[in-house]
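Since the structure comes first, as structure tokens, the remarks are kept for the end.
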Amino acid sequence: MHADLTRRTFDPALGFRSVLMQQGRVLLDAEWNEQAEITAHHDRTRAADVIGPSGGPEPLDGGPGPFAVVSLTSGEPPAGPVAWADLGVTPGRYYVDGVLAESAPGPGTGGTWPLAGQPHLRGVGGEPGLAEPAAGTYAAVLDVFDRLVTADERPQLLESALGGPDTAAREQTVWQVLLEPVDDGAACSTVPAGLFGRTPRTMRAGLQEADAPADPCSVASGGGYQLLENQLYRVEIWQAGGTPAFLWSRENGSVVAGLVTVAGSSVGFDAALTLDRAGRDEELSIGQGDLIEVTSADLGLRGRPGYLARVRRVVDLVLDVDWLAENPGTPPTSVAALGGAPVVRRWEGGPLPLRTTRTDLEGGITVAFPAGGSPAVGDHWLIPARTVRLAYGVSARTGTIEWPGMPGTPAALPPTGPVHRRALLGLVERAGDTWTVLSDCRHLFPPLTATAALDLLGGDGQEAAPGVELPAPVRVAVRRGSLPVAGETVRFTAAGGTLSTAAGGGGSTGNPLAVPTGADGVAAAFWTPDPRGQAAQTLTAERLTDVLAPADDVAVIVTARVVRPSEGRPPGLHVAGVRLSSGPLENDAVYHPDELSKPIVVALDDTVLAESVKDKPVGRLLVELPWPVGPELDVWGGPSFATHTVELLGTLEAEGPFITWSPAPATIEALPRIVERLRQLEGNQQLGAPGLPVLARFQLDGWAIVRENDPAQHLNGHASTFMDGDRTRLELPTTDAVTGGRFETWFHLDPEPDRPDRRFVVEDFTGRTLGFVERRAAEAGVALRVVEESAPGIRANTVLGTDARTGTELRPGDTLTVRVASGR
């Protein structure tokens, strides 16, 4: 902040709780400001600990809530494509890293602000506040930061009853919604972290060492800070692109005057600037020969540098100036071209390039900018310079600066400010001249008075014969405090089998099954476990208003057991599931080769003995490549007629109930070459069959893998199969039909697994719009069946889930059932 300060003393690492005044002492601005920063730090930390990285209050009126990307005309999320001028953002409160971003109502329906004209991102010089970007997919990012507001921008800060003196300034939290490009098909969970922060350039401040005197009889400088006044030096990035450059001021850049007019100079200089006031004294005024920056509040909000000039003549409040050649653009010819609150600011030096070696400022103060990081316009550092440092009554012989590591090796510090905090609001897409809102990525939370809890009343731990309904229903209660909540929708999802709302399969049926709570706040479901499933099966109950949160936070999990005749203790371990980093590894599915750059994780139904897996040849990932290829085609005189099997290098480890295959570094490095080779094989007409996709097999040798608490029991890897259309699927967990049998699942590798002639892979569409799923399904030729469900607090046509699990593959002509919020 360009305020007239002595120094800034707040340091969160010190853990100070408050500033205590002592009687009869001098009170400086630094103490007051430190107390304000201590309080702000505690508020910000407390909010971040409670809310998390970002979040806002859930609307209780069924509206879109705070900072939603909506139609400016309707004030609601658009159901279809809209023009750029119709995109807006709703008012309200949203927290980013504990900082409250608060938006007053705007001019649109429901108080919506247009994206192109936000209150803290206004147009300057004919440019819109936010220019419409080119076609593509974008992340709508909320950027929150603090800035200084003075009487130049807000004259109401001056007290007219006292004659309008300049007293205290204000620190303001501002917000801007920006659009950052992302890859097509991006989801809320896959937006790169680089959009939410940068690594800034650091700076190191120091002091010149004393020069060795050429004449031993002469008195030389003792080094250190050599001027006679205490100052607060400010070093600020003026230009970040091209050759980055900085400006510096010994007055923290606080020598400022309002700009009244910009006109042509009558005496042959580039321009004449009329100011609204002179400084408080000669030292704090703008004079002949000074370096000035012509800027405004709007330019600062846009992160743009001001225009530099050298003062050639001063007549009363008129400055005749010459513009510097280093200015990145054409200097303004009018005040209106600068936007709101135009000012002229004095600097003592610059623009100087950012160098890793020492740059001298004045009075012995030096700065250097170590390599690494990226600068941004407005990044600044503060250097308190003191002529004498007192320590318990003993004064230093020379002046010094307050900087960590001084005296000695000064530290390289990130900028003092501004600190930008960012949060993802949603995903939007431009196609042609229209925009579509793809996803709502906000995190909304209800107030404590509206928070409801989901509790299990009964139904856990029951047993039944295969194909027989459990003796009692699974019952859960929704309560707010101790009071029941009627009309809340609870979704029951079983691992297998059927669910119904009445005994004997009566009433509504389905899996999952949505059941509203009654007047007593209770929802119940009758469950017939899967007769072909594992002995222990699970059912999950969720409030539909909570389904956008992680399942571990909201689910009530119930277990039941299918008791088969002569069933005793299971004779071994069983494979319960296999996962890639992107989701389940399904048998007979098609995946991109890049999936093999991440581990494959196998979940078992009990703890495995780690020593039976680690450093043992008990598992492998095999790829079957066409043969012959290349020069050998000529030897065999024809196209490829066979395959040869290669094993990809990797390591196998076990921990708890999991076995993990991790690719070796050489495998990861080779994947791009494998992808390129597969593309070459696809286009080589000499190959013939087999072509793409390439077959891969993942295997575990059950006879060598044993249970931790009973090494005599092996992994029984035999899996039953069933046909799903033309696909062969595995029934997991594996069976005991073959003791110590090998587990194997096969899949296919294709550099373009999502081509129309390939299968359609179901994603986690939760939180997406129905329109987004409709477009993806249409591209793949998959039909949609839409089911509306009541989901209070969730806007209409928001996807709640699908009947197919994430990772399930569908062919053209298949049907996908999508559950969406009704909005009622």
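No lab work stands behind these numbers, since they all come straight from the coordinates. These numbers were taken from a predicted model, which means no experiment stands behind them. Glycine gets a Cβ as well: all are built from the backbone with ideal geometry, and neighbour counts include every protein chain shown.
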Seminar exercise, completed: Where a ≥ b ≥ c are root eigenvalues of the Cα gyration tensor, a/c under 1.5 meaning rounded, otherwise prolate if a/b exceeds b/c and oblate otherwise, region 575-749 counts as prolate
Problem set entry | Derived scalar couplings ³J(HN,Hα) [region 324-339; Karplus, 6.51 cos²θ - 1.76 cosθ + 1.60; whole Hz; x for Gly, Pro] | 7, 5, 6, 4, x, x, 6, x, x, 10, 8, 5, 4, 5, 8, x
Seminar exercise, completed: The set of residues whose placed amide H lies less than 5 Å from the amide H of Thr798, leaving out same-chain residues fewer than 5 positions away, is Ala821
Exercise. Between the helical axis of 770-780 and the dominant principal axis of the chain, each derived from Cα atoms, what acute angle in degrees is found, rounded to the nearest 10?
Worked result: 60
Exercise. Amide H to amide H, which residues 5 or more places from Ala791 or on other chains are under 5 Å from it, using H placed in the peptide plane?
Worked result: Ser822, Gly823, Arg824
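Could you work out how much longer the chain between Asp433 and Thr607 gets when fully extended? Use 0.36 nm per residue separation minus the Cα distance between them, nm to one decimal.
Values: separation 174, 0.36 × 174 = 62.64 nm, distance 5.68 nm.
The Asp433-Thr607 span can extend by a further 57.0 nm.
Treating only the Cβ of Lys, Arg, Asp and Glu as charged (+1, +1, -1, -1), what charge dipole size does region 1-51 show about its Cα centre? Round to the nearest 20 debye. Write down the numbers at each step before the final one.
On the way: 6 positive and 8 negative charges, 22 e Å.
In total the dipole reaches around 100 debye.
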For this session: Let me have the 222 nm mean residue ellipticity of the chain computed from DSSP H runs of 4+ only, each contributing -39500 (n - 2.57), with the sum over all residues rounded to the nearest 500.
Result: -2500 deg cm²/dmol
For this session: DSSP loop (so not H, G, I, E, B), at most 16 other Cβ within 10 Å: list which GluC sites (Glu not before Pro) in region 246-333 pass both filters.
Result: Glu282, Glu283, Glu326
For this session: Could you point to the residue in Ala135, Ala83, Ile365 farthest towards the positive end of the chain's charge dipole, with +1 and -1 charges on the Cβ of Lys/Arg and Asp/Glu respectively?
Result: Ile365
For this session: Would you mind working out the magnitude of the charge dipole of region 1-155 relative to its Cα centre, with +1 at each Lys and Arg C-beta and -1 at each Asp and Glu C-beta, to the nearest 20 Debye?
Result: 260
Exercise. Taking the Cα centre of each part, how many Å lie between region 483-519 and region 253-319?
Worked result: 72
Problem set entry | Cβ-defined net charge surrounding Ala519, 15 Å radius [Lys, Arg +1; Asp, Glu -1] | +1
For this session: Using the Kirkwood radius over Cα pairs, work out the Stokes-Einstein diffusion coefficient for region 448-562 at 37 °C and 0.692 mPa s, in µm²/s as a whole number.
Result: 233
For this session: Would you kindly derive the ³J(HN,Hα) couplings of region 124-140 from the backbone phi angles with the Karplus curve 6.51 cos²θ - 1.76 cosθ + 1.60 (θ = phi - 60°), listing them in order in whole Hz, with x for Gly and Pro?
Result: 9, x, x, 7, x, x, 10, 6, 5, x, 6, 4, x, 9, 9, 8, 7
For this session: Take each of the peptides 298-306, 312-320, 664-672, average the number of other beta-carbon atoms within 10 Å over its residues, and list them starting from the highest.
Result: 298-306, 312-320, 664-672
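Please report the antiparallel percentage of the DSSP beta bridges confined to the chain, to the nearest 5. Mind dumping the intermediate values first?
Numbers: 176 of 193 bridges.
That works out to approximately 90 percent antiparallel.
Set the Förster radius R0 to 41 Å, insert the Cβ-Cβ distance between Asp803 and Ala40 as r into 1/(1 + (r/R0)^6), and round the FRET efficiency to 0.05.
Numbers: r = 49 Å, r/R0 = 1.19.
According to the calculation, E is roughly 0.25.
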Seminar exercise, completed: In Å, the Kirkwood estimate of hydrodynamic radius for region 760-821 over Cα pairs equals 11.5
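Work out the length of the dipole vector of the chain about its Cα centre, built from +1 on the beta-carbon of each Lys and Arg and -1 on the beta-carbon of each Asp and Glu, and round it to the nearest 20 debye.
Numbers: 68 positive and 102 negative charges, 126 e Å.
Here the size comes out at about 600 debye.
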Problem set entry | Amide proton proximity set for Leu457, modelled H, under 5 Å, gap of 5+ | Arg475, Val476, Ala477
For this session: Just name one of Trp435, Ala525, Leu27: the one whose Cα is farthest towards the positive end of the charge dipole of the chain (beta-carbon charges, Lys/Arg +1, Asp/Glu -1).
Result: Leu27
Exercise. Which listed residue (Ser374, Gly92, Ala161) has the Cα farthest towards the positive end of the charge dipole for the chain, taking +1 on Lys and Arg C-beta and -1 on Asp and Glu C-beta about the Cα centre?
Worked result: Ala161
Problem set entry | the chain: angle of helix 665-683 to the longest principal axis, Cα-based, in degrees nearest 10 | 70
For this session: Report, to the nearest 10°, how far helix 29-51 tilts away from the longest principal axis of the Cα atoms in the chain, using its own Cα long axis and a range of 0 to 90°.
Result: 10
Exercise. Which ³J(HN,Hα) values, rounded to whole Hz and listed in residue order, are derived for region 8-15 from phi using the Karplus coefficients 6.51, -1.76 and 1.60 in 6.51 cos²θ - 1.76 cosθ + 1.60 with θ = phi - 60°, glycine and proline given as x?
Worked result: 10, 10, 6, 9, x, 5, 7, x
